[in-house]
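Heads up: the structure comes next, in structure tokens.
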């Protein structure tokens, strides 16, 4: 009986220690007071995956995926040592891509596009090192080009 009680207490303690959620403080993720490294997965109450983050030395590093409660991908983000870096995609609940953005070292950099809920391209924008650049375009709901504006970096 004592062994069973001791085993139960040990299992309960291990479960409590390893089931603690990540803590976010001062720009870093911690678990049990230490910088966290690994893949962190969070779940919706219905047990579907809510979010999957790759974390290294307390900072997001690699791909982070965020899901709607129905398990459909909502966002895919890319990080490098805690900074936005790479392609970010956003989808609606029907699985249609509605936005893409590019970052480089935490600044907007490259092409950005926005589609409406039906998947029609509506906006195309360009950035270089956080600054607007290139020819920005807009389209109407039928896909007809309705505007252009040129930006140059001084």
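The values are calculated or read from the model by the stated rules, or taken from the named source; none is laboratory data. Since the structure is predicted, the reported quantities are computational estimates derived from the model, not experimental observations. Quick reminder, even Gly has a Cβ in these numbers, built from the backbone with ideal geometry, and neighbours come from all protein chains shown.
Can you list the strands (runs of 3 or more DSSP E) lying wholly within segment 40-117 that have 1 or more residues being crowded, with 17+ Cβ neighbours inside 10 Å and within 15 Å of the chain's Cα centre (by Cα)?
It comes to 49-56, 62-67, 73-80, 86-91, 97-104.
Tell me which residues, restricted to segment 118-134, are touching a residue at least 24 places away in the same chain (Cβ under 8 Å) and surrounded by fewer than 16 Cβ atoms within 10 Å (Cβ to Cβ).
Of the residues in segment 118-134, the ones touching a residue at least 24 places away in the same chain (Cβ under 8 Å) are 126-129.
The answer is 128, 129.
For segment 19-38, the set of residues classified as surrounded by 11 or more Cβ atoms within 10 Å (Cβ to Cβ) and in a strand (DSSP E or B) consists of 23, 24, 28, 29, 30, 31, 35, 38, listed by residue number. Scanning segment 141-154 for residues that are under 24 Å from residue 118 (Cα atoms), in a loop (DSSP other than H, G, I, E, B) and free of Cβ contacts under 8 Å to residues at least 12 places away in the same chain yields one hit, 144.
Within segment 26-59, the set of residues being within 21 Å of residue 84 (Cβ to Cβ) and modelled with pLDDT under 95 comprises 26, 27. In the set (1) touching a strand residue (DSSP E or B) at 6+ places or on another chain (Cβ under 7 Å); (2) more than 22 Å from residue 88 (Cβ to Cβ), the condition left unmet by residue 46 is number (1).
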